[in-house]
Amino acid sequence: MVLYEERVVSKLFLLIMLIPIVAMAWGTWETYLTGKGFEIMLTSWVFLTLLLLDIMAIKIEIDEEKLRIKGILGIIVRKTIRIEDIKSFKVSDQWMKCYGTIHFTFPAKGCVIINRHNGWSVSFSTNNPEELAQTLATLGVPREA
C-alpha cells in the first residue's frame, strides 16, 4: 500500500526538453528523404527521446518498506531505499538547499535529504515537504533538526 505519492515536474524544463526531441525528429525526417543514414538517425532519435522522457519528471513513492524515486519511464532515473536503511532525514523549504551524494532536483517548494546508514545521502525536490516528512516520521525515521 502506497502511503505517499508525488510527481515533481517543471513545465519550463519540459518545454526546453522538447526542443532537442523535435529537432532530432526533423533531422530524422530529412535523412529519410535523402536516403542516407536514416537508420542511425532513427536509432539516435529513439534513444534521445527515451532518455529525455525519463528525466522530464520524478515520481516519489513511499510505502511501508521502501522509498522509491524514479523518472517517468524508470529506465535511467531510479533509486530505491529501504526504510530500514534510512538513518535520518532533513527537510528544507527551498529546493536548491539540498545536496546529497545522489541528487534529483526540479524547481519545487522544498527538498528532502535522506541520510543512509552506509554514509551515502540522497536528496530530491518535493512540492509537499512537510507531508513527506510526516509520512517518514510515521514510519519511525528520525528527523534532523
Check: Consider TRP95 against the criteria (1) over 17 Å from LYS79 (Cβ atoms); (2) surrounded by fewer than 17 Cβ atoms within 10 Å (Cβ to Cβ): it satisfies all of them except one. Which criterion is unmet?
Finding: (2)
Check: List, please: which pairs have Cβ atoms under 6 Å, are six or more places apart or on different chains, and start with a residue in the range 4-30 that is within 15 Å of VAL46 (Cβ to Cβ) and end with one that is among the β-branched types (Val, Ile, Thr) and surrounded by 12 or more Cβ atoms within 10 Å (Cβ to Cβ)?
Finding: ILE21/THR49
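Of everything in the range 41-86 that's without any contact (Cβ under 8 Å) to a residue 40 or more places away in the chain and part of a strand (DSSP E or B), which residue is surrounded by the fewest Cβ atoms within 10 Å (Cβ to Cβ)?
Within the range 41-86, the subset without any contact (Cβ under 8 Å) to a residue 40 or more places away in the chain is 41-55, 65-66, 68, 70-78, 80, 82, 84-85.
Still in the list and also part of a strand (DSSP E or B): 66, 68, 70-71, 78, 80, 82.
Details: LYS66: 13, ARG68: 17, LYS70: 19, GLY71: 19, ARG78: 15, THR80: 12, ARG82: 10.
Here the residue is ARG82.
Name the residue, out of ILE69, ILE81, that is within 27 Å of LEU51 (Cα to Cα), of a type in the set (A, V, I, L, M), modelled with pLDDT of 95 or more and over 13 Å from the mean Cα position of the chain (by Cα).
Working: ILE69 fails: over 13 Å from the mean Cα position of the chain (by Cα).
Unique residue meeting the criteria: ILE81.
The values are calculated or read from the model by the stated rules, or taken from the named source; none is laboratory data. Everything numeric here is computed off the predicted structure, so don't read it as measured data. Cβ atoms come from the backbone with ideal geometry, glycine included; neighbour counts cover every protein chain shown.
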